[in-house]
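Contents: one structure, followed by commentary.
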Amino acid sequence: MQTYVANYRSPDGADVSGLGVFEFESDARIGTRANLHDARLRLLELFGKDAVSWTITKVERKGAKSKVADGQMELDFRDPKPQPKRKATKAYW
């Protein structure tokens, strides 16, 4: 089984607004009907009847170090990168 990350979106004006990502597993290749069907079933398992009108906008393969972690934002405690030094401008007059 391969793990995938799917983005979903609810229609405008829906009672419950939804926009985000979730993970699911599927044996089917990415972009196939079977893969989208597995994503749809997982979406309905997670969010119930509110998600019937929601659409799956994109499905991606989850890598070993995916930036998406179940829709949860991650904190980065590293020091900021230093800004590159700009070359001094010369006045030509």
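Numbers below:
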quantity	calculated
Every pair of residues 6+ apart whose Cβ atoms lie under 6 Å, when the first sits in region 3-19 and is surrounded by 15 or more Cβ atoms within 10 Å (Cβ to Cβ) and of a type outside the set (S, T, N, Q) while the second is modelled with pLDDT under 80 and not in a strand (DSSP E or B)	Val5/Val68
Subset of region 58-80 that is touching a Phe, Trp or Tyr at 6+ places or on another chain (Cβ under 9 Å) and modelled with pLDDT under 85 - its residue that is farthest from Thr3 (Cα to Cα)	Gly71
All positions within region 31-53 that are at pLDDT 90 or above and part of a loop (DSSP other than H, G, I, E, B)	Thr32
Filtered residues of region 1-51 (kept if under 20 Å from Ala64 (Cα atoms), acidic (Asp, Glu) and in contact with a strand residue (DSSP E or B) (Cβ under 7 Å, 6 or more places away or on another chain))	Glu23, Glu25
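The values are calculated or read from the model by the stated rules, or taken from the named source; none is laboratory data. Just so you know, these numbers come straight off a predicted model, no measurement behind them. Ideal geometry is used to build each Cβ from the backbone, glycine not excepted, and the neighbour counts take in all protein chains shown.
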